[in-house]
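The values are calculated or read from the model by the stated rules, or taken from the named source; none is laboratory data. In this text, all values refer to a predicted model and were calculated from it rather than measured experimentally. So basically every Cβ, Gly included, is an ideal-geometry build from the backbone, and we count neighbours across all protein chains shown. For accessibility, only protein heavy atoms count, side chains too; no ligands or nucleic acids. Shrake-Rupley method; radii C 1.70, N 1.55, O 1.52, S 1.80 Å.
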Amino acid sequence: PAPLPPPSVRPPLREMLGRASRRVLPKRIPGRGFASTITVDNPYTQETFCEVPCLDEKAALAMVEQASRVQREWNATTTLERRVEVVQGVMKHFKDNAEAIAGDISNMMGKPVGQALGEVNGIMERCEAMCEFAPGALEDEMLPAKDGFLRKIAREPVGVVLVLAPWNYPLLTTVNALIPAVLAGNSVVLKHSPRTPLCADHFERAFLEAGAPAGLVQALHTGNETVHSVIKQPEIGFVSFTGSVKTGHTIYQSVAATRFIDTTLELGGKDAAYVAEDANLDAAVAGVIDGAFYNAGQSCCGLERVFVHENHYDAFVEKANAILSSYILGDPMDGATTLGPLAMPDQPGFLAAQVEQARNNGAIVLTGGSPTTDENGKGRFFAPTLVVEAPLAADIMQKESFGPVLAATPVKNDEEAIRLMNDCDYGLTGVLFTEDLDRASALAPQIEAGTVFMNRCDYLDPMLPWTGVKDTGKGISLSHHGFRAFSRLKGYHFRLNAS
């Protein structure tokens with residue numbers, strides 16, 4: 001589509017984006033067949049927002065074949081400079097269409113539109129970083145000179161990359177894999193969660209408008225069984241998945257059943273923060289609450305547990321409760337809304353069960369704790385919830401919540417805090433609030449997590465590797481290490497004179 005007109009000649013965002021309540025976006029490549037339809041409801045109105053045709057297996061496999069043909073040409077005929085130009089064109093597309101894309105995200109998964117616009121803008125930093133890293137990450141490695149020989153290590157693309165993207169951050173999680181894959185000379189088949197299918201279409205359209213060949217990046221809308229069939233295809237050289245632990249196991253098993261290719265699995269989290277005795281309390285409270293409740297808590301690296309030094313605990317709880325009482329539940333398209341509805345229909349009930357189990361075992365629910373609506377009776381919300389004195393074995397302390405729920409626990413010292421932070425099956429990030437760099441530097445190696453933050457949380461710096469331990473998954477994205485997955489090494493051992 002053409003870029004949006006300037007603000008002076010277009011209606012307000014809410015009115016403009018609210019008009020398109022149902023859309024069908026059929027694919028246009030000949031030979032594709034449709035098996036069914038993906039229907040997405042708006043989590044606020046709970047009315048159908050969009051309907052997208054779902055490809056059958058034959059059509060999905062034809063897409064993979066096309067991607068393979070295009071990939072070979074893309075790798076053989078384009079320089080890295082040209083690939084960077086295409087990525088820059090993709091960024092321009094997202095900038096020019098930011099409001100429409102953000103509106104789609106908000107209507108599909110409930111994120112307040114201001115946060116959705118932040119996500120659109122956020123992909124620029126990651127794309128720029130990957131373009132900056134690409135020359136060094138992808139260049140040949142020339143080995144020390146040896147008389148009569150040429151020796152080098154080359155990096156070649158893996159072929160077709162299958163990216164399985166989630167709904168919670170449907171743009172940011174996608175570019176982590178999509179951009180380095182394309183820069184490395186691969187093509188990409190992109191399947192988004194059925195909660196946010198239009199995001200895959202936006203990426204496909206962006207690459208086409210940026211001058212990429214048709215078929216380089218394709219949106220795949222299909223069912224789970226067809227995904228497993230796609231994984232079996234020899235053209236698929238790598239699978240990148242972001243989602244739940246349960247589905248991650250399924251994807252990993254599907255790959256291992258017939259293939260020897262690798263995967264990146266970014267799975268669940270139960271991230272914890274420690275507010276140390278020397279922490280700036282006001283900054284810690286603000287940081288923890290934002291890290292726990294941004295995007296309605298639907299973040300893999302969102303905070304779900306906080307351990308507070310006993311000298312700060314009472315004040316922390318009081319200040320946190322005050323902030324939570326100020327949250328405004330409402331229409332995601334309304335700029336005043338600070339907490340959107342939950343994306344998935346079954347999530348309010350799941351969270352309610354977690355809270356009730358904790359309450360039945362002695363926990364105190366200071367605020368929230370149940371499904372709710374906004375003041376107009378709309379939306380599948382869960383009230384922002386603060387739980388204290390939860391047993392350490394309770395699900396709310398051990399199992400991923402993925403919603404606006406935070407459990408706070410007092411601790412006596414650093415040692416107890418670290419022990420409790422590590423007492424779960426996940427390890428994505430850990431957070432330390434302290435004014436002492438030496439303390440943070442000493443504690444960070446003891447935290448079982450892929451990233452340790454000091455005095456901030458819930459943010460991915462694209463210059464750093466994004467990874468995790470334990471049930472959080474395997475593999476790396478972002479930083480120069482993020483290119484590893486999308487190329488394979490080839491050794492060149494040439495004798496220069498056969499005599």
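Numbers for the structure displayed
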read-out	value
Residue match in region 423-440 (condition: open to solvent by 20 Å² or more (accessible area, probe 1.4 Å), over 25 Å from N186 (Cα atoms) and under 18 Å from the mean Cα position of the chain (by Cα))	yes
Residue within region 388-399 that is under 21 Å from L342 (Cβ atoms) and open to solvent by 50 Å² or more (accessible area, probe 1.4 Å) present	yes
Single unsatisfied condition, G403 versus (1) open to solvent by less than 10 Å² (accessible area, probe 1.4 Å); (2) of a type outside the set (S, T, Y); (3) in contact with a Pro (Cβ under 6 Å, 6 or more places away or on another chain)	(3)
Test: residue in region 411-419 that is in contact with a strand residue (DSSP E or B) (Cβ under 7 Å, 6 or more places away or on another chain), of a type outside the set (S, T, N, Q) and over 22 Å from T472 (Cβ atoms)	yes
Filter result for G268 (touching a helix residue (DSSP H, G or I) at 6+ places or on another chain (Cβ under 7 Å) and under 23 Å from C424 (Cβ atoms))	yes
Matching residues in region 410-421 - criterion: being crowded, with 21+ Cβ neighbours inside 10 Å and more than 28 Å from the chain's Cα centre (by Cα)	V411
Qualifying position, being farther than 22 Å from R82 by Cβ, of a type in the set (A, V, I, L, M) and within 14 Å of the chain's Cα centre (by Cα), among A177, A145, A116	A116
Criterion: touching a Pro at 6+ places or on another chain (Cβ under 8 Å), open to solvent by 20 Å² or more (accessible area, probe 1.4 Å), modelled with pLDDT of 95 or more and farther than 30 Å from L460 by Cα - qualifying residue of E73, E51	E73
Among (1) open to solvent by less than 60 Å² (accessible area, probe 1.4 Å); (2) more than 28 Å from the chain's Cα centre (by Cα), the one test that F381 misses	(2)
Qualifying residue in region 456-476 (condition: touching a Pro at 6+ places or on another chain (Cβ under 9 Å) and either open to solvent by 20 Å² or more (accessible area, probe 1.4 Å) or not hydroxyl-bearing (S, T, Y) (or both))	yes
Residue under evaluation N321, criteria (1) of a type outside the set (F, W, Y); (2) in contact with a Ser or Thr (Cβ under 8 Å, 6 or more places away or on another chain); (3) in a helix (DSSP H, G or I); (4) open to solvent by less than 10 Å² (accessible area, probe 1.4 Å), criterion not met	(4)
Residue within region 139-157 that is aliphatic (A, V, I, L, M), crowded, with 16+ Cβ neighbours inside 10 Å and touching a residue at least 60 places away in the same chain (Cβ under 8 Å) present	no
